[in-house]
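Engineer: Structure provided below as structure tokens; questions to follow.
The values are calculated or read from the model by the stated rules, or taken from the named source; none is laboratory data. Since the model is a prediction, treat every value here as computed from it, not as a measurement. All Cβ positions, even for glycine, are placed from backbone atoms using ideal geometry, and neighbour counts span all protein chains on display.
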Amino acid sequence: MRYALFVIAAALTVLAGGRDRFDTWIAATDLPPLVQETSVEVLDRSGKLLRAYTVDGGRWRLDANVGTVDPTYLAMLIAYEDGRFYRHNGVDLTAMMRAVAQAIWHRRVVSGGSTLTMQVARLIEDSGTGHIQGKLRQMRVAWALERKLSKDQILDLYLTRAPFGGNIEGVAAATRLYFGKPPKRLTPSEAALLVTLPQSPETRRPDRFYQPALDARNRVIARMARKGIIPPEAIAVARSAPLPQRRADMPMLAAHLADRAIAEQPAAQIHRTTLDAGLQSKLQSLAKDAIRGHHAGLSVAILVADHRTGEVLASVGSAGYREGRGGAAYLDMTRAVRSPGSTLKPLIYGLAFDQGLAHPETIFDDRPMRFGDYAPQNFDGSFRGPLPLREALQQSLNIPAVALTDALGPAKLMSALRKAGANPVLPSGQAGLAVALGGVGLSLEDLVTLYGGLAQLGRPMTLHWREGPQKTTAHRLMAPRAAWQVADILGDLTPPPGAPRRTLAYKTGTSYGHRDAWAIGFDGALVVGVWMGRPDGTPVPGAFGGDLAAPILFSAYQRATNRPVPLPPAPTNTLRVAGNGLSPNLRVFIPRDRSVLPDPDAPKLVFPPKGAKLTAMPEGFFAKLQDGTPPFTWLANGAPVSVNPRSRQIILPELGEGFSKLTVIDAKGRSASTDFQITLRP
């Protein structure tokens, strides 16, 4: 009896010692890094993938875990690969012995003995499966993993690293590239394909080996049906579902902004933005359509933001990133500094209204003027004469904008723009009157920021695209009444053909030499900006903001909203009167420090010359006019003369002896006069 007890004790001691040595051996296992490099992801406001980046070697490996994967797929994976996953400690000796017995009996491999944990060990060490030494190493690593990680953490490693053919690793990348969707919701057919692919990823790729992939998927479906994981009513549908015959494209939305996100925070793995993936996709398609058929090298940038929050909803940096329309396709033109053309004029008018220098109904005499050495011209080279500032802004006249800038002070204008959140760049380092007509550098982001401030009745809008709370140091742009007056003027502009009226307050602009075409607009919720041009800054002959950019502006706006939000009502202190109801100092704007220049296109009486002495003739006498715009009104000594109103050469009737005055007035209200003397024949 004592001998038996001694034998038992000795055996237990040996076993305990063996167990301790085994534990020590497992504890000493040198594990590879468990934190796996995964693709950097840029996400939209709801978590949808905008863009991902490959890891080393050009492989797609998106992060995945049990919480982000379809539960049915997980159930099928465990049932097919490792039914005792939650009961073994990394190595299923029962399954391994069964696999060996089956191989001996059938003289071929019938089933594998590797557990999911052993497969993870192979994946993280990138080791083979065909050698005994490699298998023993996988077993040791598997035992070590089970002691270090939870079952879900082991599954997470498998879901991230399992091979799915080509450069696809992990179930999240596989669902994106085979099915064009994330792994959260899969059909039984899709799940079955994903279960079988890692067993032979290169020979079961459906895009290259369709029939082997189909056969393997159907075997998984059959086994899952027997196990009751796929309900009977879904089996036929799953077996008849076709497999993808080509790989889908990984999402490539907001590519320029994604590059910017990574450049700003290179250590971040996930970048969450305020963008809307659906709107971003629509506007990228719009941008590609917009340049089709236009000049070579033409590009477009579009920016949409919610001015109530400052959140960027869509950012299109160019018409095509992947297409490689020259190196310029990779430039983010929402950030490029360009001449804004006439798009600064609403800000100039608003600041003038804010400071009490003018009112929308203030009359301005649009005529040739010189401000020191600067003599601006209107875009079309003509002048309109007296008109309200409301109409001057709607017609985008240059002389009134320069005169208001002169009254404000160019330096103060630049300071106001900076305080409101923009970053104007002055070519010479000093602000001059030319800034009113685009002689300053601004980006599309700057202009959207400024127009967002107008839409917010002068409150600053902090434009941002990264998710999370934002701090602002911007200041109010102008008083609410002044901002509302500008919006009211811009809201009355005629939209492009086919676009609805009174939905957007907007302004277009064209920079010097037709290098940039702009259109910026807003309603009660959104602010939208469009730039068109060549990224290299070369001219685009015939490019105008109204013709090129404005139609894209309205198209982008219509894609961004189904329910236009009206502009806010006028603030209570807004003065809404006709011109004669204004105070005397606001009825007419008199530019300071200016000299009136002769209008080169004004009518000129070349005959009879001033002071001439003419001999009376029975048939009357000849008069000749140069320049001016027909029709003309002729006055002789203050009385209308009935002649051809479009002719510049007329015969005047007998006027009688003595001094006479001849006056002509053209269609723009410009006049010319001459005095002469008529004598009788000797």
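Engineer: Do we find a residue being under 30 Å from LYS181 (Cα atoms) and at pLDDT below 90 anywhere in the stretch 131-152?
Structural biologist: First, pick out the residues of the stretch 131-152 that are under 30 Å from LYS181 (Cα atoms): 149-152.
Add one more test, that the residue is at pLDDT below 90, and what stays is none.
No: zero hits.
Engineer: If you don't mind, there's one more thing I want to ask. Given the conditions (1) closer than 24 Å to MET333 by Cβ; (2) in a loop (DSSP other than H, G, I, E, B), which single one is not true for LEU447?
Structural biologist: (2)
Engineer: How about the stretch 180-299: which helices (runs of 4 or more DSSP H) wholly inside it have at least 3 residues that are under 22 Å from SER46 (Cβ atoms)? Working first, answer last.
Structural biologist: Working: elements: 188-196, 210-227, 232-240, 255-264, 277-291.
In the stretch 180-299, 255-264, 277-291 are the helices (runs of 4 or more DSSP H) which contain 3 or more residues that are under 22 Å from SER46 (Cβ atoms).
Engineer: Okay, next question. Being part of a loop (DSSP other than H, G, I, E, B) and modelled with pLDDT of 90 or more narrows it down to one of GLY320, GLY350, GLY356, so name that one. Full working, then the answer.
Structural biologist: Numbers: GLY320 fails: modelled with pLDDT of 90 or more; GLY350 fails: part of a loop (DSSP other than H, G, I, E, B).
The conditions single out GLY356.
Engineer: Something else: With the requirement that a residue be β-branched (Val, Ile, Thr) and free of Cβ contacts under 8 Å to residues at least 12 places away in the same chain, what does the stretch 21-68 give you? Walk me through it before giving the result.
Structural biologist: Going through the stretch 21-68, the residues β-branched (Val, Ile, Thr) turn out to be 24, 26, 29, 35, 38, 40, 42, 54-55, 66, 68.
Within the stretch 21-68, THR24, VAL35 qualify.
Engineer: Tell me, which residue of the stretch 56-115 that is more than 16 Å from LYS151 (Cβ to Cβ), charged (D, E, K, R) and surrounded by 14 or more Cβ atoms within 10 Å (Cβ to Cβ) is modelled with the lowest pLDDT?
Structural biologist: Once the filter is applied, the top-ranked residue is ARG98.
Engineer: Residues in the stretch 152-174: is at least one free of Cβ contacts under 8 Å to residues at least 12 places away in the same chain, on the phi < 0 side of the Ramachandran plot and in contact with a helix residue (DSSP H, G or I) (Cβ under 8 Å, 6 or more places away or on another chain)? Lay out the reasoning, then the answer.
Structural biologist: Step one: of the stretch 152-174, the residues free of Cβ contacts under 8 Å to residues at least 12 places away in the same chain are 153.
If we keep only those that are on the phi < 0 side of the Ramachandran plot too, we end up with 153.
When the remaining residues are screened for being in contact with a helix residue (DSSP H, G or I) (Cβ under 8 Å, 6 or more places away or on another chain), the result is none.
Within the stretch 152-174, not a single residue is free of Cβ contacts under 8 Å to residues at least 12 places away in the same chain, on the phi < 0 side of the Ramachandran plot and in contact with a helix residue (DSSP H, G or I) (Cβ under 8 Å, 6 or more places away or on another chain).
Engineer: Output the qualifying pairs, or none if there are none: Cβ atoms under 6 angstrom, residues six or more apart or on different chains, first residue in the stretch 330-346 and under 22 Å from LEU397 (Cβ atoms) and in the same structural domain as TYR512 (by TED's automatic domain parsing), second residue assigned to a helix (DSSP H, G or I) and among the β-branched types (Val, Ile, Thr).
Structural biologist: The qualifying pairs are PRO346/VAL486.
Engineer: Can you spot a residue in the stretch 189-202 that is surrounded by fewer than 21 Cβ atoms within 10 Å (Cβ to Cβ) and acidic (Asp, Glu)?
Structural biologist: There is at least one residue in the stretch 189-202 that is surrounded by fewer than 21 Cβ atoms within 10 Å (Cβ to Cβ) and acidic (Asp, Glu).
Engineer: On to the next question. Within the stretch 672-682, can you find the residues that are over 18 Å from SER642 (Cα atoms) and either out of contact with any Asp or Glu (no Cβ under 6 Å at 6 or more places or on another chain) or part of a strand (DSSP E or B) (or both)? Explain how you work it out, then say what you get.
Structural biologist: In the first step, residues of the stretch 672-682 are kept if they are over 18 Å from SER642 (Cα atoms); the result is 674-682.
Within the stretch 672-682, THR674, ASP675, PHE676, GLN677, ILE678, THR679, ARG681, PRO682 qualify.
Engineer: Go through the stretch 332-343 residue by residue and tally those that are in a helix (DSSP H, G or I) and under 17 Å from LEU303 (Cβ atoms). It would help to see each step written out before you state the result.
Structural biologist: Our first condition is that a residue be in a helix (DSSP H, G or I); within the stretch 332-343, this holds for 341-343.
Next, from what is left, pick out any that are under 17 Å from LEU303 (Cβ atoms): 341, 343.
Matching residues across the stretch 332-343 total 2.
Engineer: Let me ask something else about it. How about the stretch 383-422: which helices (runs of 4 or more DSSP H) wholly inside it have at least 2 residues that are among the charged types (D, E, K, R) and closer than 18 Å to GLY441 by Cβ?
Structural biologist: Hits in the stretch 383-422: 410-419.
Engineer: A follow-up question, please. Restricting attention to the stretch 570-584, which residues are more than 16 Å from MET478 (Cα to Cα) and surrounded by 10 or more Cβ atoms within 10 Å (Cβ to Cβ)?
Structural biologist: Taking the stretch 570-584 as the starting set, the residues that turn out to be more than 16 Å from MET478 (Cα to Cα) are 576-584.
Matches in the stretch 570-584: ARG576, VAL577, GLY579, GLY581, LEU582, SER583.
Engineer: Which of the residues that make up the stretch 518-534 are farther than 14 Å from THR503 by Cβ and either surrounded by fewer than 24 Cβ atoms within 10 Å (Cβ to Cβ) or of a type in the set (S, T, N, Q) (or both)?
Structural biologist: Within the stretch 518-534, just ARG534 meets the criteria.
Engineer: As an exercise: evaluate MET250 against (1) touching a strand residue (DSSP E or B) at 6+ places or on another chain (Cβ under 9 Å); (2) surrounded by fewer than 20 Cβ atoms within 10 Å (Cβ to Cβ); (3) over 30 Å from GLN199 (Cβ atoms) and give the number of the one condition it does not meet.
Structural biologist: Just one mismatch for MET250, condition (3).
Engineer: Give the stretch 359-403 a look and list any residue that's polar (S, T, N, Q) and farther than 23 Å from ALA482 by Cβ, or say none.
Structural biologist: Keep residues of the stretch 359-403 that are polar (S, T, N, Q), which gives 362, 377-378, 382, 394-396, 398.
Within the stretch 359-403, GLN377, ASN378, SER382 qualify.
Engineer: Any residue at all in the stretch 559-568 that's without any contact (Cβ under 8 Å) to a residue 60 or more places away in the chain and either among the hydroxyl-bearing types (Ser, Thr, Tyr) or farther than 29 Å from ALA455 by Cα (or both)? If you could, list the steps in order and put the result at the bottom.
Structural biologist: Taking the stretch 559-568 first, the residues without any contact (Cβ under 8 Å) to a residue 60 or more places away in the chain are 561-563, 565-566.
Subsequent filtering for residues that are either among the hydroxyl-bearing types (Ser, Thr, Tyr) or farther than 29 Å from ALA455 by Cα (or both) retains 561.
Scanning the stretch 559-568 turns up at least one residue that is without any contact (Cβ under 8 Å) to a residue 60 or more places away in the chain and either among the hydroxyl-bearing types (Ser, Thr, Tyr) or farther than 29 Å from ALA455 by Cα (or both).
Engineer: Here are ALA525, ALA578, ALA483, ALA479: which of them is more than 20 Å from PRO340 (Cβ to Cβ), over 23 Å from the mean Cα position of the chain (by Cα), modelled with pLDDT of 95 or more and among the small types (Gly, Ala, Ser)? Walk me through how you get there before you give the answer.
Structural biologist: Working: ALA525 fails: over 23 Å from the mean Cα position of the chain (by Cα); ALA578 fails: modelled with pLDDT of 95 or more; ALA483 fails: more than 20 Å from PRO340 (Cβ to Cβ).
Of the residues listed, the single one that is more than 20 Å from PRO340 (Cβ to Cβ), over 23 Å from the mean Cα position of the chain (by Cα), modelled with pLDDT of 95 or more and among the small types (Gly, Ala, Ser) is ALA479.
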